[in-house]
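Peer 1: My questions all concern the structure below.
The values are calculated or read from the model by the stated rules, or taken from the named source; none is laboratory data. Keep in mind that this is a model prediction, so the values were computed, not measured. With ideal geometry, Cβ positions are generated from the backbone for all residues, glycine too; neighbour counts draw on all protein chains shown. For accessibility, only protein heavy atoms count, side chains too; no ligands or nucleic acids. Shrake-Rupley method; radii C 1.70, N 1.55, O 1.52, S 1.80 Å.
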Amino acid sequence: MPVYNYIIKDPAGKTITGAVEAPNLTLAGDILRERRYVVISLVEKKAGGFLQQFLQRFRGVKISEKTVFARQLATMVSAGLPLTNALEILRVQATTERMQEVLGGMLADVQGGSSLAKSMSKYPDVFDKVTVSLVEAGEASGKLDVLLTQLAENTERDRDFQSKTRGALVYPAVIGVAMLAVFIIMMVFVVPRLTALYEDIGAELPLPTKILIGISNILVHGWWAVLILFGLIGYLAYHYLRTEKGKYQLAAFAFKFPIFGKLSKDSELARFSRTLGLLIGAGVPITQALNIVAAAMSNILYRDAILAAEKQVEKGVPLSIPIRADPNFDPLISQMIAVGEETGKLDEVLEKVAEFFESQAEQSVKNLSTALEPAILIVLGVMVGGLVLSIITPIYNLTTQF
């Protein structure tokens, strides 16, 4: 949808600049006039060249910027600063163009009488349903600053966990890329010269050397076929995993993979517990909260299980019962939910459960780092040993003949 840059005056005579999305110029002007603004200038924003349009598709707001937004807005609201003033300050301080656009649109909506939650819901790529629901509950209860602070803390936990997971994978990723680069260099530049040498001296080649030369010939003369083959495999896999059957098979496989499976399951359970606890603590009805939590889950098996549990809860069944019946949920969760339902402190209990599974996930990350290092060394040793054996054996056989 086209984006239009505007310069307007509000009812108080203050000049405001920003951007608005609309199907055409006329509707963009109508949107602004409906908010009781006087339009001074309204110009369509140019999309730019091909590269800019391509990069535009991948623009986003980093999780760190969302955290800063939530915490600073909470501080300003708690200090008694009007919401419009707070949004204007945050818009000026935003470090990315995308966040400036979002905050400019939100500011215009709030000045036009819209609620903060409703204005945030227009940007689902920046604010998920959990964030919007918490803000909506905060506005309804008058505890917007408290819930924004909780939201910021929750976002910080997600950011810290993602940083730890990425940090654990950096070392093996670097080593893996280096190994692949060395292998390609050997196959493309070194092995062909050795092949010519073997042919000149008429050496009898053992099977490992023949396999190595075959791989080298494929990479040197048929690299385009290799690219097409891998591209085709990637294309078919991508489309298969988008089907219902593919999604479920991938979700089931994610839990069976060594180390990564436990990490994935603990992460999902921690997200379920913390998000549901936040929403219930904010006063969101449990059926609505379960729907929101289901949308926040990345694994389709948990998504289906939570939606099925929501239907049971809607009929009056305690949440602990359908959770206990699903094998993907740890028995600890159903037991703790039952305790929370009995004591009326479900949000506090879920917070404790989330902390437990987060600690389990962090331990899985540590185990992942510990397990990957020797595995990498073994793979590296096998690769180097295979190359040396394939290259040296014909030369050794030739020297033994004299």
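Peer 1: Give the number of residues within the stretch 108-118 that are over 14 Å from ILE31 (Cα atoms) and either buried (at least 19 other Cβ atoms within 10 Å of the Cβ) or touching a Phe, Trp or Tyr at 6+ places or on another chain (Cβ under 7 Å) (or both). Give the derivation first.
Peer 2: Applying the first criterion (over 14 Å from ILE31 (Cα atoms)) to the stretch 108-118 yields 115-118.
Within this subset, residues satisfying the condition of being either buried (at least 19 other Cβ atoms within 10 Å of the Cβ) or touching a Phe, Trp or Tyr at 6+ places or on another chain (Cβ under 7 Å) (or both) are 116-117.
Number satisfying all stated conditions: 2.
Peer 1: Where residues in the stretch 337-348 are touching a helix residue (DSSP H, G or I) at 6+ places or on another chain (Cβ under 8 Å) and open to solvent by 40 Å² or more (accessible area, probe 1.4 Å), which of them is modelled with the highest pLDDT? Write out each step before concluding.
Peer 2: Initial filter on the stretch 337-348 (touching a helix residue (DSSP H, G or I) at 6+ places or on another chain (Cβ under 8 Å)): 337-341, 343, 346-348.
Applying the additional criterion that residues be open to solvent by 40 Å² or more (accessible area, probe 1.4 Å) yields 339, 341, 343, 347-348.
Numbers: VAL339: 93, GLU341: 90, THR343: 90, ASP347: 89, GLU348: 90.
Checked the stretch 337-348; the qualifying residue modelled with the highest pLDDT is VAL339.
Peer 1: On to the next question. Taking the residues in the stretch 349-382 that are more than 25 Å from the chain's Cα centre (by Cα) and surrounded by 15 or more Cβ atoms within 10 Å (Cβ to Cβ) as candidates, determine which candidate is farthest from ARG193 (Cα to Cα).
Peer 2: VAL349
Peer 1: Return the pair list, or none, for Cβ contacts closer than 9 Å from residues in the stretch 164-179 that are closer than 18 Å to SER359 by Cα to residues that are loosely packed, with under 13 Cβ neighbours inside 10 Å, at least 6 apart or on different chains.
Peer 2: Within 9 Å, the pairs are LYS164/LYS366; ALA168/LYS366.
Peer 1: Going residue by residue through the stretch 386-402, is there one that turns out to be under 28 Å from the mean Cα position of the chain (by Cα) and loosely packed, with under 15 Cβ neighbours inside 10 Å? It would help to see each step written out before you state the result.
Peer 2: Going residue by residue through the stretch 386-402, those that are under 28 Å from the mean Cα position of the chain (by Cα) are none.
There is no residue in the stretch 386-402 that is under 28 Å from the mean Cα position of the chain (by Cα) and loosely packed, with under 15 Cβ neighbours inside 10 Å.
Peer 1: Look at ASP304 and say whether it is in a helix (DSSP H, G or I), open to solvent by 20 Å² or more (accessible area, probe 1.4 Å) and either at pLDDT 85 or above or among the aromatic types (Phe, Trp, Tyr) (or both). Break it down stepwise before answering.
Peer 2: Working: in a helix (DSSP H, G or I): yes; open to solvent by 20 Å² or more (accessible area, probe 1.4 Å): yes; either at pLDDT 85 or above or among the aromatic types (Phe, Trp, Tyr) (or both): yes.
Spelling it out, ASP304 is indeed in a helix (DSSP H, G or I), open to solvent by 20 Å² or more (accessible area, probe 1.4 Å) and either at pLDDT 85 or above or among the aromatic types (Phe, Trp, Tyr) (or both).
Peer 1: Moving to a separate point now. Of all residues in the stretch 166-212, which are open to solvent by 60 Å² or more (accessible area, probe 1.4 Å), over 30 Å from LEU263 (Cβ atoms), within 43 Å of the chain's Cα centre (by Cα) and of a type in the set (Val, Ile, Thr)?
Peer 2: ILE184, ILE185, ILE211 - these are the residues of the stretch 166-212 that are open to solvent by 60 Å² or more (accessible area, probe 1.4 Å), over 30 Å from LEU263 (Cβ atoms), within 43 Å of the chain's Cα centre (by Cα) and of a type in the set (Val, Ile, Thr).
Peer 1: So, in the stretch 127-145, how many residues would count as being in a loop (DSSP other than H, G, I, E, B) and either hydroxyl-bearing (Ser, Thr, Tyr) or under 19 Å from LEU83 (Cα atoms) (or both)?
Peer 2: At the first step, the residues of the stretch 127-145 found to be in a loop (DSSP other than H, G, I, E, B) are 127-128, 142-143.
Filter again for either hydroxyl-bearing (Ser, Thr, Tyr) or under 19 Å from LEU83 (Cα atoms) (or both), leaving 127, 142-143.
Number of matching residues: 3.
Peer 1: Please enumerate the residues belonging to the stretch 252-266 that are without any contact (Cβ under 8 Å) to a residue 60 or more places away in the chain and within 20 Å of the chain's Cα centre (by Cα).
Peer 2: Across the stretch 252-266, the qualifying residues are ALA252, PHE253, ALA254, PHE257, GLY261, SER264.
Peer 1: Here is a follow-up. Checking GLN249 against (1) closer than 26 Å to PHE329 by Cα; (2) in contact (Cβ under 8 Å) with a residue 12 or more places away in the chain; (3) not acidic (Asp, Glu), which test does it fail?
Peer 2: Status for GLN249: all satisfied but (2).
Peer 1: Pick from the stretch 192-225 the residues that are at pLDDT below 85 and β-branched (Val, Ile, Thr): which of them is farthest from LEU387 (Cα to Cα)?
Peer 2: Checking each candidate, the answer is ILE201.
Peer 1: Also, I was wondering about something else. Pick from VAL313, VAL284: which is under 30 Å from GLU139 (Cα atoms), modelled with pLDDT of 90 or more and surrounded by fewer than 23 Cβ atoms within 10 Å (Cβ to Cβ)?
Peer 2: Values: VAL284 fails: modelled with pLDDT of 90 or more.
The match here is VAL313.
Peer 1: Find the residue count for the stretch 129-159, including only residues that are open to solvent by 60 Å² or more (accessible area, probe 1.4 Å) and either aliphatic (A, V, I, L, M) or over 15 Å from ARG274 (Cα atoms) (or both). Give the derivation first.
Peer 2: Going residue by residue through the stretch 129-159, those that are open to solvent by 60 Å² or more (accessible area, probe 1.4 Å) are 129, 136, 139-143, 146, 150, 153, 157-159.
Now drop any that are not either aliphatic (A, V, I, L, M) or over 15 Å from ARG274 (Cα atoms) (or both), which leaves 136, 139-143, 146.
Counting residues in the stretch 129-159 that are open to solvent by 60 Å² or more (accessible area, probe 1.4 Å) and either aliphatic (A, V, I, L, M) or over 15 Å from ARG274 (Cα atoms) (or both) gives 7.
Peer 1: Taking the stretch 308-364 as the region of interest, how many residues are assigned to a loop (DSSP other than H, G, I, E, B) and more than 19 Å from LYS265 (Cα to Cα)? Steps first, please.
Peer 2: Keep residues of the stretch 308-364 that are assigned to a loop (DSSP other than H, G, I, E, B), which gives 315-319, 326-330, 344-345.
Narrowing further to those that are more than 19 Å from LYS265 (Cα to Cα): 315-319, 344-345.
The total comes to 7.
Peer 1: Any residue at all in the stretch 146-167 that's out of contact with any helix residue (DSSP H, G or I) (no Cβ under 6 Å at 6 or more places or on another chain), closer than 26 Å to MET383 by Cβ and assigned to a helix (DSSP H, G or I)?
Peer 2: Checked the stretch 146-167: at least one residue is out of contact with any helix residue (DSSP H, G or I) (no Cβ under 6 Å at 6 or more places or on another chain), closer than 26 Å to MET383 by Cβ and assigned to a helix (DSSP H, G or I).
Peer 1: Yes or no: THR275 of a type in the set (Ser, Thr, Tyr) and either touching a Leu at 6+ places or on another chain (Cβ under 8 Å) or within 23 Å of ARG157 (Cα to Cα) (or both)? Talk me through it step by step, then tell me what you get.
Peer 2: Numbers: of a type in the set (Ser, Thr, Tyr): yes; either touching a Leu at 6+ places or on another chain (Cβ under 8 Å) or within 23 Å of ARG157 (Cα to Cα) (or both): yes.
Judged against the criteria, THR275 is a match.
Peer 1: Still on this structure, please answer the following. Does VAL102 satisfy the condition of being touching a Gly at 6+ places or on another chain (Cβ under 8 Å), under 30 Å from ASP160 (Cβ atoms), open to solvent by less than 60 Å² (accessible area, probe 1.4 Å) and modelled with pLDDT of 80 or more? Reasoning before the result, please.
Peer 2: Numbers: touching a Gly at 6+ places or on another chain (Cβ under 8 Å): no; under 30 Å from ASP160 (Cβ atoms): yes; open to solvent by less than 60 Å² (accessible area, probe 1.4 Å): yes; modelled with pLDDT of 80 or more: yes.
It is false that VAL102 is touching a Gly at 6+ places or on another chain (Cβ under 8 Å), under 30 Å from ASP160 (Cβ atoms), open to solvent by less than 60 Å² (accessible area, probe 1.4 Å) and modelled with pLDDT of 80 or more.
Peer 1: Among the residues of the stretch 228-252 satisfying the criterion of being basic (Lys, Arg) and in a helix (DSSP H, G or I), which is most open to solvent (accessible area, probe 1.4 Å)? Walk me through it before giving the result.
Peer 2: Narrowing the stretch 228-252 to residues basic (Lys, Arg): 242, 245, 247.
Keeping just the survivors that are in a helix (DSSP H, G or I) gives 245, 247.
Working: LYS245: 131, LYS247: 81 Å².
Only one residue tops the list, namely LYS245.
Each row is one residue, and each column tells you yes or no for (1) part of a loop (DSSP other than H, G, I, E, B); (2) at pLDDT below 80.
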residue: ALA28; (1), (2): no, yes
residue: ARG33; (1), (2): no, yes
residue: ARG36; (1), (2): yes, yes
residue: LEU51; (1), (2): no, yes
residue: PHE58; (1), (2): yes, yes
residue: ALA70; (1), (2): no, no
residue: LEU73; (1), (2): no, no
